[in-house]
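Novice: Structure incoming, see below.
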Amino acid sequence: MSNAQLLIAANTIWVVVAAVLVMFMQAGFAFLEAGLTRMKNAGHIAGKNVLIFAVCSLVYWAVGFGIAFGDGNRFVGTSGFAPSVDSLLAIGKAPYSFFTTVPAAAGYLFEVVFAGVSLAIVWGAMAERAKLWVYFVFGAAFTLIYSVTSHWVWGGGWLFGLGMQDFAGSTVVHYQGALAALAGALLLGPRIGKFEGGRGNAIPGHNIPYAVLGTIILWFGWFGFNPGSTLGVVTGDHVGFFAYVALTTNLAAAAGAVSGALTAWLVLRKPDISMMLNGVLAALVAVTAASGFVAPWAAVVIGLVSGVIAVVGVLWVERIGIDDPIGAVAVHGISGVWGTIATGLFAVPALAATLKTGQGGFVYTGSLHQVWVQLLGLAAVGTFTFSASFGCLWTMKRLWGIRVEEKTETAGLDVSEHGMWGYPEFYIPVPGGYGTGAHGHLLSRAHRHPVLVEEAEPDSREAARAEATAA
Amino acid sequence: MSNAQLLIAANTIWVVVAAVLVMFMQAGFAFLEAGLTRMKNAGHIAGKNVLIFAVCSLVYWAVGFGIAFGDGNRFVGTSGFAPSVDSLLAIGKAPYSFFTTVPAAAGYLFEVVFAGVSLAIVWGAMAERAKLWVYFVFGAAFTLIYSVTSHWVWGGGWLFGLGMQDFAGSTVVHYQGALAALAGALLLGPRIGKFEGGRGNAIPGHNIPYAVLGTIILWFGWFGFNPGSTLGVVTGDHVGFFAYVALTTNLAAAAGAVSGALTAWLVLRKPDISMMLNGVLAALVAVTAASGFVAPWAAVVIGLVSGVIAVVGVLWVERIGIDDPIGAVAVHGISGVWGTIATGLFAVPALAATLKTGQGGFVYTGSLHQVWVQLLGLAAVGTFTFSASFGCLWTMKRLWGIRVEEKTETAGLDVSEHGMWGYPEFYIPVPGGYGTGAHGHLLSRAHRHPVLVEEAEPDSREAARAEATAA
Amino acid sequence: MSNAQLLIAANTIWVVVAAVLVMFMQAGFAFLEAGLTRMKNAGHIAGKNVLIFAVCSLVYWAVGFGIAFGDGNRFVGTSGFAPSVDSLLAIGKAPYSFFTTVPAAAGYLFEVVFAGVSLAIVWGAMAERAKLWVYFVFGAAFTLIYSVTSHWVWGGGWLFGLGMQDFAGSTVVHYQGALAALAGALLLGPRIGKFEGGRGNAIPGHNIPYAVLGTIILWFGWFGFNPGSTLGVVTGDHVGFFAYVALTTNLAAAAGAVSGALTAWLVLRKPDISMMLNGVLAALVAVTAASGFVAPWAAVVIGLVSGVIAVVGVLWVERIGIDDPIGAVAVHGISGVWGTIATGLFAVPALAATLKTGQGGFVYTGSLHQVWVQLLGLAAVGTFTFSASFGCLWTMKRLWGIRVEEKTETAGLDVSEHGMWGYPEFYIPVPGGYGTGAHGHLLSRAHRHPVLVEEAEPDSREAARAEATAA
C-alpha cells in the first residue's frame, strides 16, 4: 500500500460515513414533518420521504449524477449516465474527472443524498394536500433541476468559475429546495381552514417529540453534510480540516437554538418549541455555505441571526397568505439566502485560499466583490429553479391536477391516498386492539370519522376490518 | 507507523463504524415491529429487541464467535471461546486466524451485530403471543444455530470452499432468521382473531410513523451491513471498494420502494405504506448477497423483483394460513432466497475474481454452475436451520409451553408479561396524567380494559396506581 | 503525505465520528426522558435537550474548553478561551498542547459532546417541575463546574497526576451529572402527588417505545463515548485498540440488560421494561471508567452488578423520599461510583501500562492502591460538584425560584412554559384534526383540561385556536 492509496482509503471512509449520515437526514425530515402536521396525515407524510428518496436515487443514478458531475461544459455535464462498474470504481478518470480524492462510487453516494435532502425540503410546504403521483413525477423532475444548478456551483460550472462560495449548499440544496416548495405552495393553495376568517389559523403539529427527534437527527446528519463536503481528510495544508467544519456547524446550530427560543419568547410571549427547532434548522441552513470559510465567532453570529429569521420569517410567510406547514420557505429559503450572503461578508481570506474558492469576505477585505458573486449566484439559481419548478408543477396542475379533493383532504391522506391509517387504533376498531372486543368500544362508531366510514373505497383490507368490527 | 499498520488502522475504523451502524438496526427492528403491531403490546415488542440483543451478545462472546470464526474444521470452529484480552487484540493469529485485516475484537463486534440482526428477524413472525422466557432460551439456541451455518459460508467452512456467494448474508442472516421465524409461527399458531371467519383478517399496526422510522433506520444501518462486509478498505486491487457496495445497496433499496408501492397500488388498489416499506426491506435483503458481486443495473432489477415479492409474498403467506405479523417470512425468507439465486445469475466475473469467491453469473457466463452452488447452499442451510429451530421450539413447547394464555394475549403482553403499560395514559389513570385529577377522567372507568383491572397481578406498582386512582 | 500526517488523518476520522455518535445521545436522552414522563410535559422534556445542548455548546466554546483542556495548572486550564481559527487547526500546540493526536477542533468537538451528556443527566431528576429559565442559567453554570473537574481527571490535572483511572467518565460525566441532579431534586422537592399518602406513588412514563428507542440510541452512541476516548487509532502498541473498548462496552451493556430484567422479575415479580432499560444504562455507565482497562469477563461482572444496582437503587432512592423521574441518581450516580471502584478492582496491569494511567487492579495485584486512588477521586469530585451545584441552585431558588407554580405543574409544562401542546390533538380541537369539524368532537369540551382552557395566557396562537373551535 502506497501512501497515496492510504490517503484515498481514508478519504473514502470519511466521505462514505458522511454520506450515510446525510442519508439518515431523511428520517429527520420524516419525523420533523410528521410531527408538525396532523394525525390523519402522519403515515403519508412520514412514508413519502422514503418514496421520494427512492425516486431520487434512481433518477440521479440514471441521469442526474452525469448532469451534475459528469465531464461536460460550463452549464451541464454531458457524460456519466447510468454508469458502469468500471467507471464507478475509478478515481479521477473520465467520465467523472471531478472526483480525484475518492472512487466515483463514493462521489455518487455523497451527492445523491444531497439531492435527496433538497427534494425532502420541497414537500414541506406542500404537505397535507398534494396528490400522491405528484411525488413520483415532480420528484424526478426536481432531481434533474437540482442536478443542473449543482453542476454550476460545484461540478466545475460557471458559478464555480466565478468563485461562488457555497461550501455545502445553502444555495444549491436549501434555497433551491425552498424555491420549489414555494412554487408548490402557491400552486396548491392553502389547506382547508388555514385562512378561514381572513387570517392565519394555527394548525398545530400533532407530535412535538417527533419534531424534536427529527431536529436532532438533522443536526446529527449535518455533521456529515458540512464536514463531508471537504470530500477528503486533507484540505490544502490542513489535515483533518473537516473537524473544523464540524465545529462551526455546531456553534451556529447552538446559537440558532438559543436565538430562536428567545425570539419566540419575545414575539409570541412564550418560547414555542417548534420555533426553537426552526431556529436550529435555519442556523444549520445558513452555516452550510459558510462552514468551511468562517471563524467561530462568525458562525455564532450567523446562527443568532438565523434564529430571528426562523421565527419572524415563518410568521411573515403566513402573513402574506402562503400556507407552508413546515416552514420550509423561511427556514430553508430565507435562511439559505442569509447564509450565502453571510459567507461573502465573513469569509476568512486564509480559509478561502485553503479552499481555493473565491476570496475573503467584506469584514476582512472591505471589498464587496464576494458578496456580489454570492448575490449573482442566488439570482441565477433562483431564476432557473423557481421558473423550472413552477412551470413543471403548473403544467402538471393543468393536465391532471396536483391537489387532492376536499373530501379526501378532510378525511386525511392516510386513508384517502393509501387506504390505511397512520394510527388505526385511534380511528377504527382493530381486532384485539385498544378499545375493542370484550373490552368495550372506547372509540364508538359515533366517534369515528363518517367520511372514513362512508367514503373510503372498500378493498380487501377494508372488508377484513368490517368483519372484525362485526365480530 | 508503518504503512501496514496504517492500513490496519483504517480497516478497523471502517469495520467498527460499520458494526455500530448494524447494531443500530436493533432500533430499526424495534420500531418497525412495534409500529406494525398493536398498542397493547408496544412496550413488550420494542423492549424485547434490547433483551434478545443482550442475550445474543453474551452467548456469542462465550461460544458463538468461536464456533463461527474460531479455527476449526470445515463444519465448525473449535477454538476461541470466551476469548482473552490478548487473543482479542491480535490480528490474524490463532484462535482467530480468519481476521487478517483487523484485530479480532473488531471481528467480534462486526459479527455479533450480524447475529443480532438474524435473531431480531426471528421474532417478527412470533410477535404478540410468545412467552417471555422463550426469548431467553430460544435466543441463546438460535445464536448457536446461526454460528454453525455462518462458519459454513463465511468462516472457512465447506460452503465457502465450494464458492457460495453470499456477500453479507441474504442466506446466512435473513433467510436463516426467516426459517426460524417460520418454525415459530407454525408452532405458536395464529393470534386470536387473525383467521376468525376462515380468512385472514387485517390486524393493522398501531403506528405507521414508527414503521417508517424503523425502515429508514434499517436502510441507514444497511450501509454498515453490506459495505462493512468487505472487512477492510482495500478489496483486491480496489481502494474504497466498500463505496461501490454502498451504491448497489442504495439502488436496490430505492427500486424496492418504488416497486413495492406500485405493486401495492395494483394489487390492493391503494399504495399501502407498509407494503412500500416491505418493498424497501425485501430489496435490501435480496441485495445483501449480491451487493459486492453485481452491476448497478442488476441491483435495480433485484430491487424491482423484491418489491413484487414483498407484496405478493406477504399476501401469500397469509393465504396459506400463517400469521406473520411483521412479514418476516416473505421479506427476509422469500426475498433472501431470491437474492441468493440472483447473485448466481448476475455476478460480474471481474467482481467475483476481485472477491475471490465463486465465478461469474449466468447472464455473463451462460453457465448455471454458480446458481447450483447457491441452491445447494440454500438447501443445506435451510434443512439445518429449520430442523434445528423447529426441534428446539417443539421441545420447549412440549416441556413448558411457548404461547401465552388467551387471557393474557387479550390483555396484551405489556401488562401480562411485564406488569406495566406501553402507553399508560391511554389505559389507566396516571397521577397528574392526561385525563385525571382535577381535570376529569377522559378515560372513564367504563372505558378501561376490564381484564386489565381485574386480572393483572397486584404488585407494588399496581398498588401505587390503585391508590393514585382513589385519590 | 507523510505517515505521520496519515495517522493524524485516521485519528481525526475516528474522533470526529465518535463525537458525532456521542452528540446523537441527546436524541437518546430526549426520548428516554420524554418516554418516562407524562404526556402533558412531553414536548417540553424532549425540547429542552436541544436547548441545553445549545447552551452548553456556546459556553463550552467561550470558556469551558479552555478551563478543561487549555494549558494551565493542576487545578484549572487558563488559556484557550473563545479560540481562533489558527489555534483550532493546530495539533499539539499552545493553547491546546493536550491534543497531540488530532487538531484542537476535533478535541473541542469530542469534549463538548461529553459536557452535553453530563448536562443531560442533570435534568433527569429535575423533570416535570423546573422553570424554563433554570435550564439556561444552571446549564451554563454546570458546564463550567464540569469543565473544572474534567481538567482534574483528564486535562493534565492533579487527579490525572495521581493515576486515577476513568477511561471515558464514569466519574467525570455520569457521577458528576447525577450529583447535580440530586442537588436539583432535593431543592425542587417531589412532583405533586408523588409521595401523597406517605409512600412513593408510581407515575408511569407515557411512552415505553420512546424509552426503548432512547436506550438503543444511547447504547449506539456509547460506541463513540467509550471507544472514542482513545482519541486515536493507535494506543500504546495496539493498532485499533478502540475496537477492544467497544467490545467490553457491549458485553457490559448486555449483561446489564439481562441482570436488570431478572432482578426486576425477582423484586417486582414482573420484568418491568423500564427497569431492564435502566439495567442497560447503569451497566454502560459503570463500564465507562473501566472499558479500556478490564478483561471481557470483568466487563460482564460489572454489567451484572449494575443491573442489580439499577433496580434496587431506583427503588431505594424513591424509598428515601427523593423524586427522580428518570432514575438519574441511581443509574448515573450509584452505578458511576460502582464503575469507578470496579476499575480499581479489575484493571488488567498490561492494559493500565498500555494506557499509561495508574496500575493493575486488586484482583491482579492484591494491592488496594488503585482502589484508594479511585475513592479519592470520587470524594474530591463529589465534594466539589455537589457543593457547587447545590450552592448555585440554592441561590437561584432564593432569588427567583426554580420551581413552577402548582397550577402550571398541574396543567403541564408544555402549555404553561411554552404555550403549546406536545400532542395537541389529544388536548384541544385542531382545525381539520382528529375529532373536530364535521366529524364530531371526539374530545368534547367537557373532556378538555379546564386549567388549560381557562388559565393559559391568550396569545395570537391561542386566539387562532379559539376561532377554529368556534368555526
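Read the figures in this text as sums done on the coordinates, not as results from a lab. Predicted model, so just to flag it, every value in this text is computed and none were measured. Cβ atoms come from the backbone with ideal geometry, glycine included; neighbour counts cover every protein chain shown.
Novice: Does the stretch B:350-438 come out rounded, prolate or oblate by the C-alpha gyration tensor, with a ≥ b ≥ c the root eigenvalues, rounded set by a/c under 1.5 and, if not, prolate when a/b is larger than b/c and oblate if not?
Specialist: Oblate, because a/c is 1.5 or more while a/b does not exceed b/c.
Novice: Using the 7 Å Cα-to-Cβ label point, sort the distances from residue B:82 to its equivalents in the other copies shortest first and give them in nm to one decimal.
Specialist: Distances between equivalent label points, in nm: 5.9, 5.9.
Novice: If you don't mind, there's one more thing I want to ask. For helix B:335-346, what angle does its Cα long axis make with the longest principal axis of chain B, in degrees from 0 to 90 and rounded to 10?
Specialist: Relative to chain B, helix B:335-346 is tipped by roughly 20 degrees.
Novice: While we're looking at this one, here's another question. Rounded, prolate or oblate: pick one for the stretch C:250-343, where a ≥ b ≥ c are the square roots of the eigenvalues of its C-alpha gyration tensor, a/c under 1.5 means rounded, and failing that, prolate if a/b is larger than b/c, else oblate.
Specialist: Cα axes put the stretch C:250-343 in the oblate bin.
Novice: Helix C:241-268 versus the longest principal axis of chain C: what angle, 0 to 90°, nearest 10, using Cα atoms?
Specialist: The angle comes out at about 50 degrees.
Novice: How about the stretch C:342-404: which trypsin sites (Lys or Arg not before Pro) there are in a DSSP loop, with at most 16 other Cβ atoms within 10 Å of their Cβ?
Specialist: C:356
Novice: Computed FRET efficiency, Cβ-Cβ of residue A:4 and residue B:350, R0 30 Å: what is it to the nearest 0.05?
Specialist: Rounded to the nearest 0.05, the efficiency is 0.85.
Novice: Let me know the volume per residue of the alpha-carbon convex hull for the stretch C:1-67, in Å³.
Specialist: Values: hull volume 6.9 nm³, N = 67.
Convex hull volume per residue, Cα atoms: 103 Å³.
Novice: What is the spin-label model distance, in nm, from residue C:319 to residue A:267 if the labels are put 7 Å beyond Cα along the C-beta direction?
Specialist: Result: 5.3 nm between the two label points.
Novice: If one takes the longest principal axis of the Cα atoms in chain C, at what angle in degrees, from 0 to 90 and to the nearest 10, does the Cα axis of helix C:132-153 lie?
Specialist: 10
Novice: Taking a virtual spin label 7 Å from the Cα of residue C:82 along the C-beta vector, which residues in the stretch A:343-374 bring their backbone nitrogen under 11 Å of it?
Specialist: none
Novice: For residue A:399 and residue A:199, compute 0.36 nm times the residue count separating them, minus their Cα-Cα distance, and round to one decimal in nm.
Specialist: Full extension of this stretch gives 68.9 nm more.
Novice: What trypsin sites (Lys or Arg not before Pro) in the stretch A:156-219 are in a loop by DSSP, with at most 14 other Cβ atoms within 10 Å of the Cβ?
Specialist: A:199
Novice: Also, quick follow-up: Determine the sum of side-chain charges near residue A:188: Lys and Arg each +1, Asp and Glu each -1, restricted to other residues whose C-beta is under 9 angstrom from that of residue A:188. Walk me through the numbers on the way to the answer.
Specialist: Numbers: positive: A:129, A:191, A:397, A:403; negative: A:323.
Result for the neighbourhood of residue A:188: +3.
Novice: Further, regarding this structure: Which listed residue (B:21, B:96, B:80) has the Cα farthest towards the positive end of the charge dipole for the stretch B:1-120, taking +1 on Lys and Arg C-beta and -1 on Asp and Glu C-beta about the Cα centre?
Specialist: Final value for the positive-end residue is B:21.
Novice: Mind pulling up the Rg/Rh value for the stretch A:191-252? Radius of gyration and Kirkwood radius, both on Cα.
Specialist: Rg/Rh for the stretch A:191-252 comes to 1.32.
Novice: Give the range of the longest stretch in chain B that excludes all chymotrypsin sites (Phe, Trp or Tyr not before Pro) found in loop regions by DSSP and having at most 15 other beta-carbon atoms within 10 Å.
Specialist: Longest site-free region, per DSSP loop and neighbour criteria: B:82-399.
Novice: Summing Lys, Arg as +1 and Asp, Glu as -1, what charge do residues with Cβ under 10 Å from the Cβ of residue C:48 carry, residue C:48 excluded? Don't skip to the answer; put the middle values down first.
Specialist: Details: positive: none; negative: C:33, C:417.
Taking every Cβ under 10 Å from that of residue C:48, the sum is -2.
Novice: Still on this model: Nm distances between the label at residue A:368 and the same-position labels in the remaining copies, 7 Å along Cα→Cβ, shortest first?
Specialist: 7.6, 7.6
Novice: So what is the orientation-averaged projected area of the stretch B:1-144, using the convex hull of its C-alpha atoms, in nm²?
Specialist: Seen from a random direction, the Cα hull of the stretch B:1-144 projects 9.3 nm² on average.
Novice: Summing +1 for each Lys or Arg and -1 for each Asp or Glu, what net charge is found among the other residues whose Cβ lies under 12 Å from the Cβ of residue A:273?
Specialist: On the way: positive: A:270, C:48; negative: A:272, C:414, C:417.
Neighbourhood net charge equals -1.
Novice: Here's another thing I want to ask about it. Show me, for the stretch A:390-397, the HN-Hα J-couplings you get by feeding each phi into the Karplus relation (A = 6.51, B = -1.76, C = 1.60, θ = phi - 60°), rounded to Hz, glycine and proline as x.
Specialist: 5, x, 5, 5, 5, 4, 4, 5
Novice: So, one more: How big is the charge dipole of the stretch B:114-269 about its Cα centre, in debye rounded to the nearest 20, if each Lys and Arg gets +1 on its Cβ and each Asp and Glu gets -1 on its Cβ?
Specialist: In total the dipole reaches around 560 debye.
Novice: Which percent of Cα-Cα pairs in the protein assembly as shown sits in each 10 Å bin, short to long?
Specialist: 2, 9, 19, 25, 23, 16, 6, 1, 0
Novice: While we're here: With +1 on each Lys and Arg Cβ and -1 on each Asp and Glu Cβ, how big is the dipole of the protein assembly as shown about its Cα centre, in debye rounded to the nearest 20?
Specialist: Values: 66 positive and 72 negative charges, 27 e Å.
Around 120 debye, computed over the protein assembly as shown.
Novice: So if I place +1 on the C-beta of Lys and Arg and -1 on the C-beta of Asp and Glu, and nothing else carries charge, what would the dipole magnitude of chain B be about its Cα centre? I want it in debye, nearest 20.
Specialist: 540
Novice: Which ordering of C:387, C:118 is given by a fewest-first count of other beta-carbon atoms within 10 Å?
Specialist: Fewest to most other Cβ atoms nearby, the residues stand as C:387, C:118.
Novice: May I ask you to evaluate 6.51 cos²θ - 1.76 cosθ + 1.60, the Karplus curve with θ = phi - 60°, for each residue of the stretch A:347-358 and list the ³J(HN,Hα) values in order in whole Hz, giving x for glycine and proline?
Specialist: Each residue's phi maps through the Karplus curve to give 4, 6, x, 5, 6, 4, 5, 4, 8, 6, 9, x Hz.
Novice: Assuming a ≥ b ≥ c are the square roots of the Cα gyration tensor eigenvalues, decide whether the stretch B:144-190 counts as rounded (a/c under 1.5), prolate (otherwise, with a/b larger than b/c) or oblate.
Specialist: prolate
Novice: Would you pull out the residues with amide H under 5 Å of residue A:235's amide H, same chain only if 5 or more places away, H placed 1.01 Å from N?
Specialist: It is A:240, A:241, by chain and number.
Novice: Could you give me the radius of gyration and the Dmax of chain C, taking only the C-alpha atoms into account and expressing both in angstrom?
Specialist: Looking at chain C, its Cα Rg and Dmax stand at 23.1, 79 Å.
Novice: Among A:40/A:131; B:93/C:356; A:407/B:270; B:40/B:407; A:40/A:194; B:40/C:270, which pairs are too far apart, with a Cα-Cα distance over 21 Å? Could the numbers behind the result be given before it?
Specialist: Numbers: A:40/A:131 15 Å; B:93/C:356 26 Å; A:407/B:270 17 Å; B:40/B:407 13 Å; A:40/A:194 16 Å; B:40/C:270 16 Å.
Cα-Cα > 21 Å for B:93/C:356; rest within.
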